[in-house]
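Here, each number is a calculation from the coordinates, and none is a lab measurement. The shown structure was predicted, so the numbers you read here are calculated from the model rather than taken from an experiment. Here Cβ is always computed from backbone atoms with ideal geometry, including for glycine, and neighbour counts include all displayed protein chains.
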C-alpha cells in the first residue's frame, strides 16, 4: 500500500531513515517513495487488463519533474489542465501525443501551444469553448482533436469542493445536451475532430457504486456517439480514493488484506473487476485519469515541533510547516495521519492541535486529535501528503518552498532544492 514503516524504532521511507533526511536537509521537507508510485500505477494498469486502455496520470496532483519522469518512463500518459503542465510533461520526457488537456478556462496561448505540440485531445467543457477551439485551430490551419466532457449528474458523495459530476458543478455539459452538441459540431465546426467523450464525477471516492452508476448511465451515449461520429475513446476520469489512516508496521499490505471486507475502501482490483466487463465490448479505448491514487500515499511532509503552548482550553503543538506547505486541512478539511519519526515507547495519547506559524486561524493540521506526546525538537511526519501537497503550496507569509526528495530503495535524491530568500523575490522589480 505504501513504502513507509517503522524499523528498529525509526520511521523509514523504503530503506531510508526519515530522521536522517530531516537532520541533513532540514524541515519542512517533502519525501516521496518511488516504489509506492510505481506499485500504484502498475496495479491500476493491470486492473484494466481485458480492455484497451491508457492510464493518464493527473499532473495537478503532483507535478514535480522527477515524479513525472518516473511515470513517463513506465509508460503513463498524462492528464493536464494548463499549458504549464504540458510544458512540465515535455521537460520530463513525456509524449504530448499521450496528453489530454482538461479544464474550463483554456486560453488562446495554451490552445496554440497544445496544438503545436500535438496533444492527443482537448477535453472541452462547454459549447462556447468548443467553438473557440475551432476558431483557433482554423486560424492555424489545423484540425483540433477534441472530446466533450459530459456531466452525468451523478452524486459522488464526496466533499463539495472535490465533487465534479453534478449538474450544479462548473464542469462539463449536461448529459441531455451532448448528442445535439456533437451533431452541431460535426455540421458547423470544420476544424474540430471529435475523437472521444470524457467524464469525471469527483475525487476521493471510496465506494464503487458512483463509478458503476456513472458508467452505466453513459454507456448508451458513448455507443450512440461511436455509431454516429466514430469516436475512438472514452475517458472515464479518475477519482479512486486512498486511505489516509494506515498501518506503519512492516508489511502494511498484509495488514490491509487482513481487514474485514466491509471495512475496506475501494481497491483498484475491485474497480477493474466491476468496470472491465461493462467496458470491454464497447470497441473504445478507455482512458483513466488518476492522480491522488498514484501519488497520495507515496509522500510525506516532515516537520519539526518548535514549541508547545498549553492554554486553558487546548494544548497546541506548533511546528515549522504551515498551511502554505500543505493546505488540504484548511482548504477542505483534509485529514492527514500524524506520526513521530521515532516510534513512541508508550501507547499513551494526549489531545492536541498541531498548528503552523502562518498568521491565520485556519493554519492547522489537526484539531483536538489524540496523538503521542512529541516534544519541541522532535520531528513528525504528515502522512499521505504526496497529492495536492507541494502542488498547492504557496509563498504566503513570504515563506520559501520546502525541498523535495525521491527515495528509491536505499537511495535518496534531492529532486527540488529548498527555495532561498533570494529566490522569493526573483523576478520582482
* Label points 7 Å out from Cα along the Cβ direction at residue 332 and residue 395: separation in nm? -> 2.7
* For region 349-402, with equal point scatterers placed on the C-alpha atoms only and solvent neglected, what are the log10 I(q)/I(0) values from the Debye formula at q = 0.12, 0.16, 0.18, 0.24 1/Å, to two decimals? -> -0.35, -0.62, -0.79, -1.22
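Of all beta bridges DSSP finds with both residues in region 35-293, what is the antiparallel percent, to the nearest 5?
The antiparallel proportion sits near 5 percent.
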* More than 22 angstrom apart: percent of Cα pairs within region 35-293 -> 55
* Rounded FRET efficiency, nearest 0.05, which uses the C-beta distance separating residue 269 from residue 313 and R0 of 35 Å -> 0.15
* **Principal semi-axes in Å for region 285-339 [√(5λ), Cα gyration tensor, largest first]** => 32, 12, 9
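In whole Å, what three semi-axes, largest first, describe the equivalent ellipsoid of region 4-76 built from its Cα gyration tensor (square root of 5 times each eigenvalue)?
Details: eigenvalues 175, 48, 13 Å².
Value: 30, 15, 8 Å, ordered largest first.
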* Asked: Taking the Cα atoms only, what angle lies between the long axis of helix 178-188 and the longest principal axis of the chain, rounded to 10 degrees?
  -> 50
* Structure fact -> What helix-only [θ] at 222 nm does the chain give? Using -39500 (n - 2.57) per DSSP H run of at least 4, over all residues, to the nearest 500, the answer is -8500 deg cm²/dmol
* Degrees separating the helix 108-117 axis from the principal Cα axis of the chain, which is the longest one -> 80
* Helix 127-140 vs. the chain, principal-axis angle (Cα, 0 to 90°, nearest 10) -> 80
* To do: Give the share of C-alpha pairs in each 10 angstrom bin for region 375-429, from 0 to the last occupied bin, in whole percents, shortest bins first.
  => 17, 42, 33, 8, 0
* Name the most mobile residue of 330, 186, 347, meaning the one with the largest mean-square fluctuation, in a Gaussian network model of the chain with Cα contacts below 10 Å. => 347
* Taking all pairs of different Cα atoms in region 279-401, averaging 1/r and flipping that mean, what Kirkwood radius in angstroms comes out? -> 15.8
